[in-house]
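K.L.:
The following block contains the structure, expressed as structure tokens.
Read-outs throughout are calculated quantities, based only on the coordinates presented, and are distinct from any laboratory measurement. Since we're looking at a predicted model, the values are computed, not measured. Neighbour counts are summed over all protein chains in view; Cβ atoms, including those assigned to glycine, are modelled from backbone coordinates with ideal geometry.
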């Protein structure tokens, strides 16, 4: 109960500071604003004083969100090309593994947070469609040699039974990202792939999602949670929007266990990746931030603790590529 | 109508360099290119790590990788001026040192190294330059900018040179490039650029110029190759060798000087051919 009151208070402060920002930007200033301004300034000052890390730099929390936004605004057009170049295509295998572990059934609702260019959502829709096709093929094969019993029942009952069921359970994927440029790239990809139904694009902050409670069957966040300023808030939001029985899945860069591999990985990260960023995307600093932010993210066990603290159960993780990437999963009960 | 790559670079780098300049030009272009601002994460005003604003310290391995990568990228797409710039910075250490020493030896060059002038749209008094008599260096330069639709602000800032003075020399080299076009009477089409590159390679010995001079002709059609090989090329190389160091000239104080006078002073012959500036379309 204390937690929900805290959350409510936080939301009120955030809403009030948002009205202040909107009034400062020159829109209609109501007479009540000055009092709000003085009341809430003390709350927002606290946030500005606390510091956090931006890669290896120390910045204020307010500044971090803004700088992360600028990084992704700048890398958005070349994001997919760079992913392929930096991981030599292996990121596709990681994302495929996420879907394989998720094993979604047709009809479930996915929330892909920090989904940006939509990689996870596209894979999700593909997976679900291929599942549906498999089921349809199986039923078609079964219908080819029906027994006398089946023929007689099909005469008496309506035949659209199976199709109606799958239509009613249409799977949906919602891609949520704080950055409009990344969503724009994702939308263009969707258009070029010809995907029109089952996908929606929403601008939103992982620390404060624009969705009601208990909405989604699966919540995924792939390579996004390390850019969030307050990871615990993002985890709490995940718990809030998941249905009871829903699954939280997080794909993120983590600590490599093998020391030799760790040295190679570090050398590759710090020498090669910013160079690739400069040559392919013309942006050294964003990719320097990327490799530094990976080092600042907590390791597998610590992150597992954080997920358990947020209120998820049966939390486990799989190490992929020797610990370069870890897939954490937990359930809301 | 496509914009030349020059203008796009101009818009980009103006955003970085215009923080300190307050001229009309800066306002005009900032309003136009908010969309272009995605290029690169900008540090807060006045803060930078490294030896100069925009400096990114790099290890030798990174420099080697950058040199190879930018070389490949520049060959694949010669309109990627940032890649040409990076190639120049990572490979040009020795040549920059020689150039810096040459500048130091010349009294005017020494003044440039101490005063560190920058050629930018905001620092040029365009109306005054337009009122100069025809045939004066400033007037011809202005006409060159208009005819070729370029601006002096299109140069990428130096990032990977690990010495503050050499970084300035590199920046000066980039900014003087357009003035060289004017001095040599070459437009900014492919043929003109190759001719200027040959001159620069002979003058500076920068590996990037030599590479550009060697590979540039490969992209020329045979009709253009012929004048290059027969008259323009030898003229450019000869003048590059015999001319005074063009980077030691304080151009900003010589707008009123007549172009012929300046050429004589620098020991540069006028061009053997006049090439007209054709509209260029980056493909």
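K.L.:
Under 19 Å from the 7 Å Cα→Cβ point of residue A:191, by amide nitrogen: which residues of the range A:93-130?
P.N.:
Counting only backbone N, you get A:116-119, A:122.
K.L.:
Taking the Cα-to-Cβ direction at residue A:152 and at residue A:333 and moving 7 Å from each Cα, how far apart do the two end points lie in nm?
P.N.:
4.7
K.L.:
Starting from the Cα of residue A:314, move 7 Å in the Cα-to-Cβ direction to define the label point; list residues of the range A:70-106 whose amide nitrogen is under 17 Å from there.
P.N.:
Answer for this model: A:100-105.
K.L.:
Given the Cα-Cα distance of residue A:145 and residue A:299 and 0.36 nm per residue of separation, how much length would full extension add, in nm?
P.N.:
That works out to 49.9 nm of additional length.
K.L.:
Computed FRET efficiency, Cβ-Cβ of residue A:60 and residue A:184, R0 25 Å: what is it to the nearest 0.05?
P.N.:
0.30
K.L.:
Here's something else I'd like to know. Quick one: check the C-alpha center-to-center distance for the range A:186-244 versus the range A:105-134, whole angstrom.
P.N.:
One Cα centre to the other: 13 Å.
K.L.:
Would you kindly state how much longer the chain becomes between residue B:214 and residue B:115 on full extension, computed as 0.36 nm times their sequence separation minus their alpha carbon distance, in nm to one decimal?
P.N.:
32.2 nm
K.L.:
Under a point spin-label approximation (7 Å from Cα along Cα-to-Cβ), what is the residue A:130-residue B:242 distance to one decimal in nm?
P.N.:
7.2
K.L.:
What FRET efficiency would be calculated for the residue pair residue A:212, residue A:170, taking the C-beta separation as r and a Förster radius of 25 Å, to the nearest 0.05?
P.N.:
According to the calculation, E is roughly 0.80.
K.L.:
For a label point 7 Å from the Cα of residue A:93 along Cα→C-beta, name the residues of the range A:240-269 whose backbone N is under 17 Å from it.
P.N.:
A:252-254, A:256-258, A:261-262, A:265
K.L.:
Where does the Debye-calculated log10 I(q)/I(0) of the range A:222-320 sit at q = 0.14, 0.20 Å⁻¹, using only Cα point scatterers of equal weight, no solvent?
P.N.:
Reported log10 I(q)/I(0), two decimals: -0.63, -1.03.
K.L.:
Going highest first, how would you order A:257-267, A:298-308 by mean Cβ packing within 10 Å? Walk me through the intermediate numbers first.
P.N.:
On the way: A:257-267: 12.4, A:298-308: 16.4.
Top of the packing list down: A:298-308, A:257-267.
K.L.:
Averaged across the residues of B:55-64, what count of C-beta atoms belonging to other chains lies within 10 Å of each residue's C-beta?
P.N.:
Across B:55-64, the average partner-chain Cβ count within 10 Å equals 3.
K.L.:
Calculate the mean, over all residues of peptide B:77-88, of how many other protein chain Cβ atoms lie within 10 angstrom of the residue's Cβ.
P.N.:
For this peptide, the per-residue mean of nearby foreign Cβ atoms is 1.
K.L.:
Separate question: Other chains' Cβ within 10 Å of A:279-288 residues: what's the mean?
P.N.:
On the way: counts 13, 3, 2, 9, 5, 9, 6, 3, 1, 2.
What the average comes to for A:279-288 is 5.
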